[in-house]
Structure formats: structure tokens, C-alpha cells
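> Can you keep this structure in mind? I'll have questions shortly.
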Amino acid sequence: MPVTQQRVGETMNKHDGVAGTEIAGSSSEMSWTPRSLDRGLAPYLALLQALEDDVRTGALPPGTQLPPHRALASHLGLSLSTVTKAYREAGIRGVVVGRVGQGTFVAAPDQRQSSGRSGGLINLGINLSPAGDQREALRTVFAELARGNGLDGLFAYDAQQGLAEHRAGLADWIATPGFRPSPEQILATNGAQHGLDLALSLTCAPGETILVEDLTYVGFKALADLHGYRLEPVAMDEEGLVPEALEERIRETRARLVYAMPTLHSPTARTMSPARRQRIAEIIERHGLRLIEDDVYGFLLDTKPEPIAGLIPERTLYLSSFSKIFELGFRAGTMAVPAPLIERARLAVRASTWSATPLLFEVALRMVRTGVMERLVRELRQESRRRHALFRKIFPGQRTPHDGALSGYHAWLELPNGWTAADLFFAARNDGVLITPPGSASVAGRPEAGVRLCLGAAGRAELERALAILRQLIDRPAGTMYSVA
Ligand SMILES: Cc1ncc(COP(=O)(O)O)c(C=O)c1O
């Protein structure tokens, strides 16, 4: 008879929130059992997460032998394959090692590789998706492709704009009720960063001025540095770009291009309301500018806000990406461009990379077709909400976004008590937490009044620890923690 209080089977109900299923009953014969399993996750993921958390917190020291698969499965009322899958994934992540004929053991710390750690620090400085079911989904599709003739046609020489069936799939994937680009307007890109580079080469010449939010995406600053574009900051409020400020800056600078992130802006995590989008679109239209709209995080909101591109499609180059669903190394993104630019866009792709890699689009779009992508996205939204709930629990005084949407991979921590982003960066690093370096997002040269905390890269237990460390730091008056000794 299973000894779980509530049987944790393959058909566990998914639900939001952080409550887990408590594991009751004697476990004296087990070298390890999870204290609870998160019912919001697939069973193997819940087990994997419990295992990772216990390893991270030291509850399971290196070298501990884990219970045999079969024993743990029957103890928890899980299927054998669920436990096997969890152990296998833990092995891939370097959390455990298998020894032939002996069993499975907790790995020594230097055998673990985790994107949640950087040089021994808990990493809240890089905006990655939380690890969930993505690797397993990738393994399944790659295995499928490797069988039969799944690879045929994926290495074609003439895929510059993207294979026709991929462009059709991408057009559908990014479409919203108000924005439906045709497959002819779609480009497959090696990620949104590549898309931004292409967009710039299509819309402005080196030396030109580009209007950007006064805190902007660090990768866009890198492109501006490389190509010699001048970035001019536009004031932001709780909704992002301020319309009056935009209009004024257009008059002052005579810029012809705006770059903006209307949804889950990086670094501030702000999202524009529909009314604000309308006003920004009208101004861009009235003054004859173009817009590069970066929407790599829009999929993380339950209802993706309507892109500005839907209001001014002939003026907007719209970007999204799969790397924020999988991992940064999954270099596959898409850009929708106004029809008159498409010929030149093809040339730009050809000049920069010949074609984005069709294989990755095949993988992603197979998942879209089978519904796996939708499930991954749903799980990422849930996990993002849990992590934001953790952030709110530890920093209850932080302002709630005007739209109340607490999701996405990053949160903006406003700094109290005279703290600066630089002070917090160095103090946090001293205490084992890495946050985004000061000045990364600033355009006007002014220090940021807050810091971006990336909630996705670390495991949940490590994230909680890191947030608690930051909370302790900023509760002290600024400038008191340095010793010159
Ligand atoms: C706002 C923003 N735009 C674009 C990118 C680039 O995405 P990709 O990995 O698809 O190149 C990132 C990645 O961090 C980002 O945060």
C-alpha cells in the first residue's frame, strides 16, 4: 500500500499556487523521500524539483545514496517510469551520478552544472526560463526526427527567409486577434538578437539616432555600440514610453526610428495598456517613424497583449523568439516586416547568415502542431507566477504593476534608503548573489533607480535564499556594510 497521504499519480490535477502534496508515513527504510511534491508540476518534474531543492539546501549531502527507483516509486505511489525519468534528468543536470552496480548518488558540487549559478554565485542576473519540461520535450522531438525521414529537406540551401511551411507556422504562432502578418512577411532568424540586427540594417544607417525607453535592453545597447547608432532616451512611467515625451523627443532629435518593448519591458517588467499602445502608434504614424517592437516576453502573460504592430503594421518590425521558452542556445526567432521591406530583408539574412537553421524551427513548430508548445508555455506562466509570488512575499512593499500582471521572468526591485544599483550589486556579490550589473540598461548615463532581478535561472529554493539575502541587505541603511579592513 502506498504511504503517501495523497496518491501522487500521473493524473495529478494541475493547479496554481505553491502548495504541495505532503508526503506522510514512515520513511525510515528510505535514504531519501521528498517532504512534499508540487502538484502544479508533472509528477517527474515535481520529484526532480524536490530532489534538487534538497541537494541545494544541504538536506541531501554529496555522496548520499538515493533509494532504488522501484523502492521510491512504490513508497510514493508513483510509476517506476516517473522515478526513472526524474533520476535521469537529475543525472543530466549533474545533480546525481549513477554508479554501475551500486546505484544513484548525490553528486559532488563541482559535478553540478546549473545556469542558476555563475562562479559560485546564485545567478539573478540573466533572464532565462525556469527549467521545466523543455529538455524532455526536445529529446522527444529530436528522437522523432532522427527516426524515419524527419530530417529530409531541413538542410536546404535556399531557405533564406525560412522554409515556406515554417513561415506559415510562425505567422500563426505569433498571430493575435489584432495582428496577423502573412507568411510572406515572416523571416526566420537566429534568435531575436539576430532579428534586431537585421531590423536595424533595414531601417537606419550608422550614425543615425534611435529613440528608446530610458532604460533599455542591454543587447540593443550592444548593437548600437557596434554599429555606431545614437540612442536617445525617452522618459518612461508605469506603462513604459510616455507619449508626450516621445513626441517631444521626435521633434528635438528628428529621429526616424523607435525601439520599444511594450510588454514585460526589460529591465522594468512594465507593460503598456491598450490605450497607451494606441497613443504611441498614433504618434509614430503622425510623424512618419518606424517602430522596432521587441515582444520576446509577451507569451508569458495569460492573454498576450495586442502588439502595436497590429495598429501600424506598415511601420512596425515585430520580433519574437523561442529562446525564452527553451534556453538561450536555442537560436530561433522570428521577425514580421512590412511587405515593402521584405526583399531587402531577404538580402540582409543572406548577408548575415545565409539562412537561420531550419532544423530548430522544425523542432519548435512540431511542438506547436502537437500542442506540446502550448503546454510548455502554460507551465512557464505558472512557474513565473509562483516565482513572482515569492518575490512579493519577500518584498511586499514593492509597487504592483498597473495591469496587476505578476508574471514574466524578471521583476523590478525599487531601491529604498539611498541604495544605488551599484551598491547593491557589490554587496549582493559579497553575499553570494549575482544581479544585473549597474548601468547595463541605462541610456542617459544616470544610474538606475532599481535593479532587475531575473527570477528564472535559479532553482526555486536558491531563488528564495537569494531574495532573502537581498531583502536583508536593503533593509539596512545604505553604505553600512563595507569594511575597509
Ligand atoms: C528584451 C530582449 N530582446 C531580445 C532578446 C534576445 O533574444 P534571443 O535569445 O532570441 O536572441 C532578449 C534576450 O535576453 C531580450 O531580453
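> Is at least one residue of region 245-254 under 26 Å from R286 (Cα atoms) and within 15 Å of the ligand (Cβ to nearest atom)? Show your work before the answer.
Of all residues in region 245-254, those under 26 Å from R286 (Cα atoms) come to 245-254.
Subset that is within 15 Å of the ligand (Cβ to nearest atom): none.
No - not one qualifying residue is present in region 245-254.
Here's the yes/no breakdown for (1) open to solvent by less than 40 Å² (accessible area, probe 1.4 Å); (2) part of a helix (DSSP H, G or I); (3) farther than 30 Å from G153 by Cα:
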site	(1), (2), (3)
L360	yes, yes, no
V377	yes, yes, no
L380	yes, yes, yes
E383	yes, yes, yes
F391	yes, yes, yes
S407	yes, no, yes
L413	yes, no, yes
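> Among the residues of region 149-175, how many are at pLDDT 95 or above and either open to solvent by less than 10 Å² (accessible area, probe 1.4 Å) or over 24 Å from E374 (Cβ atoms) (or both)?
Total meeting the criteria: 4.
> Moving to a separate point now. Please pick out the residue among T316, T357 that is within 15 Å of the ligand (Cβ to nearest atom), among the hydroxyl-bearing types (S, T, Y) and either over 16 Å from the mean Cα position of the chain (by Cα) or not assigned by TED's automatic domain parsing to the domain that holds A175 (or both). Give the derivation first.
On the way: T316 fails: within 15 Å of the ligand (Cβ to nearest atom).
Criteria check complete, one pass: T357.
> Kindly list, by first and then second residue, each pair from a residue in region 314-330 that is open to solvent by 10 Å² or more (accessible area, probe 1.4 Å) to a residue that is assigned to a strand (DSSP E or B) and more than 10 Å from the ligand (Cβ to nearest atom), limited to pairs with Cβ atoms under 7 Å and residues at least 6 apart or on different chains.
R315/R290; R315/L291
> Then there is this: Cβ-Cβ below 8 Å, separation at least six or inter-chain, first residue in region 277-304 and more than 23 Å from R386 (Cβ to Cβ) and at pLDDT 95 or above, second acidic (D, E) and surrounded by fewer than 22 Cβ atoms within 10 Å (Cβ to Cβ): which pairs?
If the second residue must be acidic (D, E) and surrounded by fewer than 22 Cβ atoms within 10 Å (Cβ to Cβ), the pairs left are R277/E306; I283/E247; H287/E247.
> Which members of region 292-314 meet the condition of being in a helix (DSSP H, G or I) and among the aliphatic types (A, V, I, L, M)? Spell out the reasoning first.
First pass over region 292-314, keeping only residues in a helix (DSSP H, G or I): 298-300, 308-310, 313-314.
Across region 292-314, the qualifying residues are L300, I308, A309.
To keep it simple, each residue is scored yes or no on (1) at pLDDT 95 or above; (2) within 16 Å of the ligand (Cβ to nearest atom).
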residue	(1), (2)
D133	no, no
E136	no, no
R147	no, no
P177	yes, no
P181	yes, no
N190	yes, yes
A199	yes, yes
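The values are calculated or read from the model by the stated rules, or taken from the named source; none is laboratory data. Note that the coordinates shown come from a computational prediction; the quantities given were computed from them, not determined experimentally. Here Cβ is always computed from backbone atoms with ideal geometry, including for glycine, and neighbour counts include all displayed protein chains. The protein model used for the area step is the full one, side chains on, heavy atoms only, and it has no ligands, DNA or RNA in it. Shrake-Rupley method; radii C 1.70, N 1.55, O 1.52, S 1.80 Å.
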